[in-house]
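What follows is a set of notes on a single structure, which appears directly below.
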Amino acid sequence: MGSIISSKHHPAQQNDGLESKSTSMEENSVPLVQQQEEFDEEESVFQNSTRSEESAVIQEKSAPSAQTNFIQEEEKSVTEESVIENLIRLFQDIAVGETAHSATRFLRATNWNLEEALQLFFIGNQDPEPVIEKESSEGDNLYPPPIALIHPGCFEKVKLDAKAADKWLILNIQSSKEFNSQMLNGHTWANEALADTISCNFVFWQIDDDREEGQKVSNYYKVESRPVILVIDPITGLQMRSWIGMVEAETLLEDLMPFMDESPHHTPPSHFLRAIKQIHKLSH
């Protein structure tokens, strides 16, 4: 009894025990909070590190490496060399007997256009360098020749082709020393209406007088002034009409109209008389 009563009559001791337990719990809770904060901090560092690594991987994938760029440049170079080799081979297949060096010169002169290079080759088999690269005080090569308009081949072949097509042959003999030759290339033959008319109704051939074949043709037709434009009958080879010097496209187009009304195989008697006079003139 006494102990019970004694216990009931000392509440302060009980309070001290409760306070002691509370203090102990608070002390235990502090390390837990610190541990949580440290865990959160470590997790944040880990997440940031993971994001950085992922970002680096993405950048590495999106940006080609120096090695990749080098490989791509090498592949591009190999492709270009392969294209050039194919163009040279195709040129040699058509222009039989020509060396790779010669083919390269013709292709380079026409900016690697195979069709234009072959046309340039077959135009009297002339060297591309005088046409493209040669310079003179008279303004040589100010305008390139009308390659698309010029019929390929030597004079005799062109004449036979014109005869087979039953078309008049337009012959243009030029001189690199005469500026009017450049004017014909740059203005007359470049005229779209005239070029279309010639392409549809005539066979056109151009040669320089400093070429061997150009000199032969000039001597045959007794050409004294250049540039000169001749209309040739491909059947008889006789000159039907001529123009000397610079001729405007409109003038030439108008003068060619009568030849479009008739063909070499259907030439009226008046032209035969003119041909006979021409034969007599050439024989003397």
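Quickly run through the range 153-169 and pick out the residues that are touching an Asp or Glu at 6+ places or on another chain (Cβ under 9 Å) and outside any helix (DSSP H, G or I). Gly153, Cys154, Lys167, Trp168, Leu169 - these are the residues of the range 153-169 that are touching an Asp or Glu at 6+ places or on another chain (Cβ under 9 Å) and outside any helix (DSSP H, G or I). When Val131, Val158, Val96 are screened for being at pLDDT below 90 and under 28 Å from Leu252 (Cα atoms), only Val131 passes. Screening Trp243 on (1) closer than 16 Å to Pro146 by Cα; (2) modelled with pLDDT of 95 or more shows it passes everything except condition (1).
The values are calculated or read from the model by the stated rules, or taken from the named source; none is laboratory data. The model shown is predicted, which means the values in this text are computed figures rather than measured ones. Counting neighbours? That spans all protein chains shown, and the Cβs are built from the backbone with ideal geometry, glycine included.
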